[in-house]
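Below is one structure, written out as structure tokens; the observations come after it.
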Amino acid sequence: MKILLVEDDEALADGLSRSLSGWGFDITLAATGAYADTALRTQLFDLVILDLGLPDTDGRELVRMLRARKSTVPVLILTARDGLDDRVSGLELGADDYMIKPFELRELEARIKALWRRGHGGFGHDIVVGRLVLDVRHREVRVGGERMMLPSREYGVLEALLLQAGQVVSKDHIAQRLAVRSEELADNAIEVYVHRLRKRLDALSIRIRTVRGLGYLLEHSADE
Ligand code: CA
């Protein structure tokens, strides 16, 4: 699960990103609104944790821009401000939840889980397709309880497909999830990863169908 943590207080950002990584989340840290905005325009995240008081931007402006782009990524606001107005306007702009600093880490973890469940139809941390299980929180795929060892890019492609199993996932969407700063994917890279994944998944009766012009669809054949 990829989380963008937007927080300019260095000590808090360090502590939070250490805790969140420890829980198995993949954390990208942004200390300014400009950096966060670039990250949000070039990568896909499963959750944004957002401080409202940033040095260059009001965090609410980031929420407003996100929603104006029709992004549905859940946003959890962290704020030291105790003015009711800030919280209300953050929620009105499309944030999903908020926490007032200081807060308990346990409470943060519970909120993250709740937002995740809300966004993924109650699947909690596992997405199951046939014998394949995606443990979202620990970012691993298992088959019959055994971890499937995958190179990170192949894992990224499979994760993108599993998170939207049964729906067509565009190449752009996959590329955005894989995007690593200052690194570009070769044109046919995703096709190569899909080809390798198909070989691995064949024995599980799970197919990755190419939907011409649209993308890929992961499905489990009904006969198993
Ligand atoms: Ca701040």
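Extension gain Leu12-Ser89, at 0.36 nm per residue separation less the Cα-Cα distance, in nm?
Taking Leu12 through Ser89 to full extension adds about 25.3 nm, to one decimal.
Suppose the chain between Arg41 and Asp135 were pulled fully straight at 0.36 nm per residue; how much longer would it get relative to their current alpha carbon spacing?
31.2 nm
Run the dipole for segment 126-220 about the Cα centre, Lys and Arg Cβ at +1, Asp and Glu Cβ at -1, nothing else charged, and hand back the magnitude in debye, nearest 20.
180
Using the Cα centre of the chain as the reference point, and only Cβ charges (+1 on K/R, -1 on D/E), how large is the resulting charge dipole? Debye, rounded to the nearest 20. Don't jump to the answer; show the numbers that get you there.
Details: 32 positive and 36 negative charges, 197 e Å.
The dipole of the chain has a size of about 940 debye.
Measure off 7 Å from each Cα along the Cα-to-Cβ vector at Ser170 and Arg117, then give the distance between these two points in nanometres to one decimal.
Roughly 3.2 nm, to one decimal.
Could you look at segment 1-73 and say what percent of its accessible area is carbon and sulfur, using a 1.4 Å probe and all protein chains?
Carbon and sulfur atoms account for 51 percent of the accessible area of segment 1-73.
Show me, for segment 28-35, the HN-Hα J-couplings you get by feeding each phi into the Karplus relation (A = 6.51, B = -1.76, C = 1.60, θ = phi - 60°), rounded to Hz, glycine and proline as x.
Karplus-based 3J(HN,Hα) across segment 28-35 equals 10, 9, 10, 9, 10, x, 5, 5 Hz.
What does the charge add up to near Arg64, with Lys and Arg as +1, Asp and Glu as -1, over the other residues with Cβ less than 13 Å from its Cβ?
Taking every Cβ under 13 Å from that of Arg64, the sum is 0.
Enumerate the whole-percent occupancy of each 5 Å bin, from 0 to the last occupied one, for all C-alpha pair distances of segment 2-119.
Pairs per bin, as whole percents: 2, 12, 25, 27, 22, 10, 1.
By the scheme Lys and Arg +1, Asp and Glu -1, what is the net charge of all other residues having a beta-carbon under 13 Å from that of Ser170?
Around Ser170, the surrounding residues sum to +2.
Put +1 on the Cβ of every Lys and Arg and -1 on every Asp and Glu Cβ in the chain; which of Leu115, Tyr98, Gly33 then has its Cα farthest towards the positive end of the dipole?
Leu115
How big is the dipole moment of segment 1-90 about its Cα centre under a simple scheme where the beta carbon of each Lys and Arg is +1, that of each Asp and Glu is -1, and everything else is neutral? Debye, nearest 20, please.
My answer is approximately 540 debye.
For segment 126-220, what does the equivalent ellipsoid look like in terms of its semi-axes, each the square root of 5 times an eigenvalue of the Cα gyration tensor, given largest first in whole Å? List each step's numbers first, then the result.
Numbers: eigenvalues 81, 49, 28 Å².
Result for segment 126-220: semi-axes of 20, 16, 12 Å.
Once you wrap a convex hull around the alpha carbon atoms of the chain, what is its projected area averaged over all directions, in nm²?
Dividing the Cα hull surface by four gives the mean projection, 13.0 nm².
The values are calculated or read from the model by the stated rules, or taken from the named source; none is laboratory data. Computed from a predicted structure; not experimentally measured. As a convention, Cβ positions derive from the backbone with ideal geometry for all residues, glycine included, and neighbour counts pool all protein chains shown. SASA here: full protein model, heavy atoms, side chains in, ligands and nucleic acids out. Shrake-Rupley method; radii C 1.70, N 1.55, O 1.52, S 1.80 Å.
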